Amino acid sequence: MPVDTPRAALLRPVLLSAALAVAAGGTAGWYSSAHAQSQAAAPAPELVAGLPDFTLLVDRVGPAVVSVEAEAGGKPAATAQRAQPQVPDAPDDDEVPEFFRRFFGPGMPMPGMPEGGARPRGVSQGTGFIISADGYVLTNHHVVDGADTVRIRLADRREFTAKVVGSDEQSDVALLKIAASGLPTLRIGDSKALKSGQWVVAIGSPFGLDHSVTAGIVSAVGRANPYANQRYVPFIQTDVAINRGNSGGPLLDTRGQVVGINSQIFSNSGGYMGVSFAIPIDVAMNAVQQLKATGKVTRGQLGIEMQPMGRDEARALNLPDDRGAMVKRVVPGGPAEKAGIIALDVIRSVDGQPINEYSDLPPIIGGMAPGAKVRIELIRDGKPRTVTATLNALDERAAANDPDAGELAPRAPAAAPANALGIIGENLDAQQRSRLGLQPGEGVRVARVDGIAAREAGLRAGDVILAVGRNDVGSVAALDAQLRAAGAGKPVMLLVRRGGGTQYLTVTPGED
């Protein structure tokens, strides 16, 4: 009947629900019975054995890892006045990878990008870790640099406003202090004992995700960073997955000891790509001790400019291999000059520590105190020598700032080169030397390069040759005489000034 139709429609779902409930009850009873039988039986065998388990480590050390928020805005950053890392041609961020990208939060500028004027307001998200029960916290300099307010959030969710005790740009280390006591701390390990292939663990706040844990191995130690102004840090390279927000977090060995501070990544996209870098904890703690005592970090200085060695340089200097740091310039009156070091010396060790790459030298010297005496083994003209130098203090603000003088107006060059390398020079007058920042009687401008070997070595018109080997040249006649004296068919080292920098170029004569 019509009146019963709606009633029947209403009852169908009720009956269906009852049936489902009965079915569910039966299923639940079956599951409970099966689960009870499973529990009574022997546990399932471990099918994968020998893999590391970091749960105990994380339980022990996790409470000492903190989140850092640094709010900035309305005033120039401390780094606004410093020179930026020199990346060729400074391409747009969207077009080229930002090498060794640091992990800023939204609203914070990246290293190497323009930072003039007021810093836009934003919050830098990073990580830190507690190194003493009375509230000292370690993080990265770039996390708190230029911040108006720094907040610390502990693992137990308590929050504190932190005081920046001191911060060091070169080591990228910042020491913070919060008003708390009885805090959990991390044990400091020995980063010098690290070896490639060891397991390491990172704990941090990538993208604000607090206490995220990742693990990997040490890929290499003593890595130089050619894309940032941190020549005094021998980085630890790992394949541990870290991203923005991991900055300042601990890198731990399997004993739960801190061996590094996660700082940078090598990335095409801004995200993790398998190459991560940490500051060795011994470098960081050296900075911490000085920041606590004086609020700043001082470093030793030898007083040389150097460049990498290559096969051609080794051959020109009569060396069996290309190990070492080649001296290209000695600072007048500095420790190196007083010790008798001269241009084209090749430094092989300092206090018994080998110098295989030129980038090995700055961390060793910079890690020593001003006034320290160091024993330097070097090779000069193919013969070993040992000298002792007393380091002075590095002036962080005394970086070379020579202007790029650009091209000088060309003059009519000589009709033909007067030397076997095909280098045609022209004399400089007093005004041109002044524009180039040269001393009176210093340098010969390259007007034309006819020799193939010289062109292949990178010499080009507009360069200024300052010396042939260790012999200064200040005229075309002196240049030609030195090149003739070098002998035919032998590699020749030219000290070349281009723009604001100088470097030795090795010209190996061949069949032109």
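Considering only residues of the range 249-277 that are modelled with pLDDT of 95 or more and among the aliphatic types (A, V, I, L, M), which is farthest from Q170 (Cα to Cα)? Filtering the range 249-277 for residues that are modelled with pLDDT of 95 or more and among the aliphatic types (A, V, I, L, M), the one farthest from Q170 (Cα to Cα) comes out as L252. What number of residues in the range 154-207 are among the aromatic types (F, W, Y), under 16 Å from V68 (Cα atoms) and open to solvent by 70 Å² or more (accessible area, probe 1.4 Å)? Qualifying residue count for the region: 1. Condition first: among the aliphatic types (A, V, I, L, M), closer than 22 Å to G189 by Cβ and open to solvent by 20 Å² or more (accessible area, probe 1.4 Å). Now tell me which residues in the range 125-153 satisfy that. Result: I131, A133. For the range 281-299, the set of residues classified as open to solvent by less than 10 Å² (accessible area, probe 1.4 Å) and touching a Gly at 6+ places or on another chain (Cβ under 6 Å) consists of I281, L291, listed by residue number.
Looking only at residues in the range 237-252 that are open to solvent by less than 20 Å² (accessible area, probe 1.4 Å) and within 23 Å of G197 (Cβ to Cβ), the one that is farthest from the chain's Cα centre (by Cα) is L252.
Inside the range 134-172, residues that are among the β-branched types (V, I, T), touching a residue at least 60 places away in the same chain (Cβ under 8 Å) and under 22 Å from I281 (Cα atoms) make up a count of 6.
One residue stands out among those in the range 300-310 that are in a strand (DSSP E or B) and over 19 Å from R497 (Cα atoms): the one that is most open to solvent (accessible area, probe 1.4 Å), which is Q301. What pairs can you find where one residue is in the range 329-342 and farther than 14 Å from R375 by Cα and in contact (Cβ under 8 Å) with a residue 40 or more places away in the chain, the other is of a type outside the set (A, V, I, L, M, F, W, C) and open to solvent by less than 90 Å² (accessible area, probe 1.4 Å), and their Cβ atoms are less than 6 Å apart, with a gap of 6+ or different chains? That search, which allows pairs on different chains as well, returns R329/E305; G334/G303. In the range 229-255, the residues that are touching a residue at least 24 places away in the same chain (Cβ under 8 Å) form Cβ pairs under 6 Å with partners that are among the polar types (S, T, N, Q) and open to solvent by 30 Å² or more (accessible area, probe 1.4 Å), at six or more places apart or across chains, as follows: Q237/S219; T238/S219; D239/S219; V240/T214; A241/T214; G245/Q125. If you go through the range 311-332 and keep only what is open to solvent by 20 Å² or more (accessible area, probe 1.4 Å), within 23 Å of N225 (Cα to Cα) and part of a loop (DSSP other than H, G, I, E, B), you end up with D322, R323. Does A369 qualify as being open to solvent by 30 Å² or more (accessible area, probe 1.4 Å), among the small types (G, A, S) and modelled with pLDDT under 90? No.
Counting only strands (runs of 3 or more DSSP E) that sit completely within the range 210-252, those holding 1 or more residues that are of a type in the set (D, E, K, R) and more than 23 Å from S124 (Cα to Cα) correspond to 212-223. Of V258, V221, all but one fail to be within 27 Å of G135 (Cβ to Cβ), in contact with a strand residue (DSSP E or B) (Cβ under 8 Å, 6 or more places away or on another chain) and crowded, with 16+ Cβ neighbours inside 10 Å; the exception is V258.
Just one of the listed residues (R385, R433, R445) is farther than 25 Å from Q290 by Cβ, modelled with pLDDT under 90 and not in a loop (DSSP other than H, G, I, E, B), and it is R433.
The residues listed here are A316, A339, A343, A325; of these, the one that is small (G, A, S) and touching a helix residue (DSSP H, G or I) at 6+ places or on another chain (Cβ under 6 Å) is A325. Counting only strands (runs of 3 or more DSSP E) wholly contained in the range 140-198, the ones carrying 1 or more residues that are within 20 Å of P234 (Cα to Cα), out of contact with any Phe, Trp or Tyr (no Cβ under 9 Å at 6 or more places or on another chain) and not β-branched (V, I, T) occupy 159-168, 173-177. Of the residues making up the range 476-512, those that are in contact with a helix residue (DSSP H, G or I) (Cβ under 9 Å, 6 or more places away or on another chain) and surrounded by 14 or more Cβ atoms within 10 Å (Cβ to Cβ) are P491, V492, M493, L494, R497, Y504, L505, T506, V507, T508, P509. Restricting the range 457-476 to residues that are among the small types (G, A, S) and closer than 14 Å to I423 by Cα leaves a set whose member that is farthest from the chain's Cα centre (by Cα) is S475.
The values are calculated or read from the model by the stated rules, or taken from the named source; none is laboratory data. All values reported here derive from a predicted model rather than from experimental measurement. When we count neighbours, we look across all protein chains shown, and the Cβ atoms used for this are built from the backbone with ideal geometry, even at glycine. In case anyone asks, the SASA skips ligands and DNA or RNA and just uses the protein heavy atoms, side chains included. Shrake-Rupley method; radii C 1.70, N 1.55, O 1.52, S 1.80 Å.
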